[in-house]
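Below: the structure, in structure tokens.
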Ligand SMILES: Cc1cc2nc3c(=O)[nH]c(=O)nc-3n(C[C@H](O)[C@H](O)[C@H](O)COP(=O)(O)OP(=O)(O)OC[C@H]3O[C@@H](n4cnc5c(N)ncnc54)[C@H](O)[C@@H]3O)c2cc1C
């Protein structure tokens, strides 16, 4: 389906990022999947190539162009190349973490961190989820108590993407009992005393993406590392989560399209009862239905990306895109496995890996159920 979202500059950027993926990620992807994380040298190479912090001002080395379409190109290309788990450190950094720095960092923080965010020497993570609370952000217990010009941070986080590799972690901490008005964002740096990382968690899929527990034991975080005002954390999350969800939707659509192509190719090649399996009416209708849904999703997500570039993305529409596209992705990979028969269950077939990588998409960034809660609230229900 012809897309109208991108202009020539985005397509040139796509070509250049695609070449980067082929050169710097694809040859190492299998090894990183086995090792559970990427080499940080790849992240620095992404910085050198101009693929990190495109929205950061040029004075700090960034691209100076705040246009989410460049982020979307990156997200689409890593998925299309089948290396989502290796590339996720880049999308998490660009789409999810950097916006907090861009919006809330003061001049001193900009000077300290922006150059590293752009050149890849500072990889980021954001730590909201705790062992006992995920969907319910107001239940966060990790505490930060002010002592002079430092916060004393205690608690733990879990399921943190880039958790092993990150150099800077935006930690959502509780600075007062007020459920929403008591959360504050603090930037914890690699090497701070009392900051330790747990194991790299063993996941069903996304194996090259490090996901970890983080522990904070009397970590003294300077007030100078606070992003924005004390007590504004919850509202900062609400402001930034729509872009995170749109980013997931962009990846989900690219994933659905890629998985569909795998399924379609297989359905044309594999024969049973003397015919290609795709020619049986059941399978032909199945593929026709998936193709229809993919085209519908594509139009919707492209439109939301365009709206976002114009500053008009709503919380509810980001939630709609997030839940619907990730559920679609899961339908496509599930039917794709089925069409592959026994081969679909074999990890050497890309559809099997796509199936495993897809499952988490309806969970992280806010579950499908929480997205429907947000949409329902927007309807006044
Ligand atoms: C691979 C991976 C990477 C992740 N990366 C990060 C990260 O970088 N940073 C970070 O902070 N977190 C991260 N997470 C955590 C993720 O965001 C949470 O797992 C998710 O928000 C759900 O929280 P939970 O696991 O505590 O589930 P819970 O909140 O306990 O939910 C359990 C179930 O109950 C349902 N439920 C909860 N509340 C309601 C409700 N009101 N109505 C209906 N159903 C409800 C949920 O939808 C879900 O089905 C990651 C998770 C994974 C698996």
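Rule-based calculations on the coordinates, nothing more; no lab input. Because the structure is predicted, anything quoted here is derived from the model rather than measured. In this analysis, Cβ positions are derived from the backbone assuming ideal geometry, glycine residues included, and neighbour counts consider all displayed protein chains.
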- Rounded, prolate or oblate: pick one for the range 109-232, where a ≥ b ≥ c are the square roots of the eigenvalues of its C-alpha gyration tensor, a/c under 1.5 means rounded, and failing that, prolate if a/b is larger than b/c, else oblate. oblate
- Treating every alpha carbon of the range 60-148 as one equal point scatterer without solvent, the Debye formula yields log10 I(q)/I(0) values at q = 0.15, 0.22, 0.26 Å⁻¹ of -0.76, -1.16, -1.27
- Counting only backbone N atoms under 11 Å from a point 7 Å out along Cα-to-Cβ of residue 268, the residues of the range 66-80 in range are none
- Item | Most fluctuating residue given options 316, 11, 189, as computed from a GNM of the chain linking Cα atoms under 10 Å | 11
- Query: Which residue fluctuates the most in the chain, going by a Gaussian network model with Cα springs under 10 Å, if the choices are 143, 247, 176?
  - Reply: 176
- Item | Spacing of the two label points (7 Å from each Cα toward its C-beta) at residue 204 and residue 220, in nm | 4.5
- Task: Over the range 255-303, consider all pairs of different Cα atoms and compute the Kirkwood hydrodynamic radius from their mean reciprocal separation; express it in Å, one decimal.
- Result: 11.5
- Query: What angle, in degrees between 0 and 90 and rounded to the nearest 10, separates the Cα long axis of helix 315-339 from the longest principal axis of the Cα atoms of the chain?
  - Reply: 40
- Remind me, relative contact order of the chain in percent, using alpha carbon pairs under 8 angstrom and six or more residues apart? 16
- Message: As an exercise, find the ratio Rg/Rh for the range 235-378 from alpha-carbon atoms, using the Kirkwood inverse-distance average for Rh.
- Response: 1.05
- Query: Between residue 30 and residue 296, what length comes free when the chain is fully extended (0.36 nm per residue of separation minus the Cα-Cα distance, one decimal in nm)?
  - Reply: 92.4 nm
- DSSP beta bridges in the range 26-180: the antiparallel percent, rounded to 5, is 55
- the range 1-79: radius of gyration and largest Cα-Cα distance (Dmax), Å: 13.7, 39
- Query: Scaled to the compact-protein estimate 2.2 N^0.38 Å, what is the alpha-carbon radius of gyration of the range 48-93, rounded to two decimal places?
  - Reply: 1.17
- Can you sort 227, 381 so the residue with the fewest Cβ neighbours within 10 Å comes first? 381, 227
- Cα axis of helix 68-80 to longest principal axis of the chain: angle in degrees, 0 to 90, nearest 10? 50
- Task: Using a Gaussian network model of the chain whose springs link C-alpha atoms within less than 10 Å, name the residue from 158, 326, 133 with the highest mean-square fluctuation.
- Result: 133
- Note on the structure: Ranked from fewest to most other Cβ atoms within 10 Å of their own Cβ, 334, 177 fall in the order 177, 334
- Item | Rel. contact order, % - alpha carbon contacts under 8 angstrom, at least six apart, the range 37-104 | 27
- Task: Within 10 Å of each residue's Cβ, count the other Cβ atoms and sort 100, 235 from fewest upward.
- Result: 235, 100
- Can you check what the Kirkwood hydrodynamic radius comes to for the chain, Cα pairs only, in Å to one decimal? 21.4
- Task: Kindly give the semi-axes, whole Å and largest first, of the ellipsoid equivalent to the range 105-147, taking each as the square root of 5 times a Cα gyration tensor eigenvalue.
- Result: 28, 15, 8
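Beta carbons within 10 angstrom, averaged per residue: use that to sort the peptides 80-87, 217-224, highest first.
Descending packing order for the listed peptides: 80-87, 217-224.
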- Message: Quick check on the chain: helices-only [θ] at 222 nm, where DSSP H runs of length 4 and up contribute -39,500 (n - 2.57) each and the sum goes over total residues. Nearest 500, please.
- Response: -15500 deg cm²/dmol
